[in-house]
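Here is the structure we will look at, set down as structure tokens.
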Amino acid sequence: MSLLAKLQSKNPTSEAAPPAAPEEKLPELEVPKPKPQSKKAITLDSKDEMKEMKEMKELALNYILKERKSDDIDAIVDDLEAILKEIVQENEHITHIPNMAKLIEDLTNDLTGYGPINPLLLDENVTEVMVNGPKSVYAEIGGRIQLTDVTFRDNDHVMAVLEKITAPLGRRIDESSPMVDARLKDGSRVNAIIPPLALGGPTITIRKFSKDPFTIHDLIRFGTLTEEMAAFIQACVKAKLNIFVSGGTGSGKTTTLNVLSSFIANDDRIVTIEDAAELQLGQEHVVSLESRPPNIEGEGAVTIRDLVRNSLRMRPDRIVIGEVRSGEALDMLQAMNTGHDGSLATGHSNSPRDMISRLETMVLMAGMELPIKAIRKQIAGALDVIIQQSRLKDGSRRITNITEVQGMEGDVIVLQDIFVFRQSGVDENGKIIGRLVPTGVRPHFYERMEYEGIYLPPSIFTEKEA
């Protein structure tokens with residue numbers, strides 16, 4: 001008899017085993033079933049009708065280019081219905097206009113903006129637009145990513161919109177150069193990647209640019225930070241502490257950096273360095289620098305590191321770096337350690353401690369064979385405060401840590417939280433419940449603030465009763 005058979009057989013002569021304690025069962029896993037994706041977009045009844053729509057649109061655009069090219073765009077949009085009827089009269093093979101309302105809407109979006117996604121870009125509630133091929137367009141609304149009813153006709157339609165975005169910037173996107181970073185006229189940041197790298201069709205990600213930059217009062221209202229934290233970080237900027245904002249993608253680092261920059265004195269000379277210009281500073285003396293990618297021949301690139309080095313010769317009072325992601329970390333730390341106090345920067349990480357580790361790695365990417373202890377001394381001497389920003393599961397953006405970099409103990413950089421976010425639960429709607437509270441620790445640079453004439457009440461570092 002096999003071992004398995006022996007284990008499965010029952011022995012009637014054996015003593016009865018004592019009754020087993022009732023086993024505690026784990027709750028059954030609920031596997032969510034995919035919901036049917038309802039779309040409000042007008043659907044075409046057949047491939048023939050879709051073909052007719054495409055033909056009508058091409059005829060209309062050709063007609064406008066030939067007959068009305070010198071007219072004002074607004075006047076053309078007002079006359080679209082008359083133009084379409086005229087095209088029908090001139091083309092005997094066209095007997096009717098399928099979906100007149102949809103056709104006029106598509107033409108309006110193509111003429112005045114960026115095709116089907118134009119309404120999303122104009123919607124103030126939408127903060128990000130994601131095109132995953134022609135039939136799948138998502139938008140971030142209120143911190144939540146949602147499927148929209150927007151669709152493109154096909155891949156060529158998406159490529160036409162991409163061409164409209166990149167052409168004015170002197171950039172190109174095709175099979176030989178299938179990725180591009182660009183920005184719209186309003187400053188919105190655009191990333192695009194196309195087949196054969198993107199298997200589902202041309203993919204576009206647009207991070208919208210806020211026309212009116214958020215203020216510290218907006219962040220308090222959103223729950224990103226408290227009034228005490230706001231007063232603290234304002235004092236840190238005015239005391240010319242070196243501050244690093246860390247967090248994940250879409251966590252609100254640039255927004256926080258913009259708010260921090262707003263506290264800089266109006267008479268300071270500020271040099272900003274970014275991949276795509278997003279900062280909106282209201283001071284008078286601001287010099288904005290933007291990196292440049294290589295051209296078609298792979299030459300002519302100007303990196304963030306090049307701009308950081310150049311900025312040191314521009315007599316800056318403050319250096320603000322949009323994002324540190326490579327060897328420029330070394331130049332930034334050296335600048336902070338050689339008299340450029342009050343510098344601000346951002347970087348990607350999951351926690352303040354992770355940010356320290358990433359900075360070590362980025363310094364090594366500069367190609368300098370420095371010992372780790374020397375790098376850590378550079379970091380500990382340069383940074384004063386790390387502000388950790390997070391995008392929580394409910395879509396809200398919070399500052400979860402304000403951490404002081406206290407210095408070195410042996411080979412380790414000592415960090416001390418000044419403010420933290422304490423989560424207490426999740427409500428029935430999935431909204432995270434928690435509070436931003438001080439840890440009760442007064443930072444080492446508190447006396448430095450007082451020397452600068454900046455006074456914070458000690459009670460700001462004491463947790464209040466809920």
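For every residue, the table says whether it meets (1) at pLDDT below 90; (2) among the small types (Gly, Ala, Ser); (3) closer than 21 Å to GLU105 by Cβ.
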position	(1), (2), (3)
ASN132	no, no, no
ARG153	yes, no, yes
HIS157	yes, no, yes
ASP186	yes, no, no
ASN191	no, no, no
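With the condition kept exactly as written, say whether any residue in region 296-304 is among the hydroxyl-bearing types (Ser, Thr, Tyr), within 23 Å of ARG189 (Cα to Cα) and surrounded by 22 or more Cβ atoms within 10 Å (Cβ to Cβ).
Here is the first cut: in region 296-304, the ones among the hydroxyl-bearing types (Ser, Thr, Tyr) are 303.
The next check asks that each one be within 23 Å of ARG189 (Cα to Cα); those that pass are 303.
Those still in the list that are surrounded by 22 or more Cβ atoms within 10 Å (Cβ to Cβ) too: none.
Checking region 296-304: not a single residue is among the hydroxyl-bearing types (Ser, Thr, Tyr), within 23 Å of ARG189 (Cα to Cα) and surrounded by 22 or more Cβ atoms within 10 Å (Cβ to Cβ).
The single condition among (1) assigned to a helix (DSSP H, G or I); (2) at pLDDT below 90 that ASP149 does not satisfy is (1).
Tell me which residues, restricted to region 367-380, are out of contact with any strand residue (DSSP E or B) (no Cβ under 7 Å at 6 or more places or on another chain) and buried (at least 19 other Cβ atoms within 10 Å of the Cβ). Before the answer, list the steps.
We begin by selecting, within region 367-380, every residue out of contact with any strand residue (DSSP E or B) (no Cβ under 7 Å at 6 or more places or on another chain); these are 367-375, 378.
Selection gives ILE375, GLN378.
Does ALA276 satisfy being of a type outside the set (Ser, Thr, Tyr) and under 19 Å from the mean Cα position of the chain (by Cα)? Criteria met by ALA276. If you go through region 402-411 and keep only what is surrounded by fewer than 23 Cβ atoms within 10 Å (Cβ to Cβ) and either in contact (Cβ under 8 Å) with a residue 24 or more places away in the chain or under 19 Å from the mean Cα position of the chain (by Cα) (or both), you end up with GLN406, GLY407, MET408, ASP411.
So if I check each of ILE356, ILE304, ILE296, which one is at pLDDT 90 or above, more than 20 Å from the chain's Cα centre (by Cα) and β-branched (Val, Ile, Thr)?
ILE356
A single member of ARG305, ARG313 is touching a residue at least 40 places away in the same chain (Cβ under 8 Å) and either in a loop (DSSP other than H, G, I, E, B) or in contact with a Gly (Cβ under 6 Å, 6 or more places away or on another chain) (or both), and it is ARG305.
Only a single item in (1) without any contact (Cβ under 8 Å) to a residue 40 or more places away in the chain; (2) assigned to a strand (DSSP E or B); (3) basic (Lys, Arg) is not met by LYS464, and it is number (2). Within the option set LEU383, LEU359, LEU364, being of a type in the set (A, V, I, L, M, F, W, C), surrounded by fewer than 17 Cβ atoms within 10 Å (Cβ to Cβ) and closer than 30 Å to ARG315 by Cα holds for one residue only, LEU364.
The values are calculated or read from the model by the stated rules, or taken from the named source; none is laboratory data. Remember, predicted model here, so these are calculated numbers, not experimental data. Neighbour counts run over all protein chains shown; Cβ positions are idealised from the backbone, glycine included.
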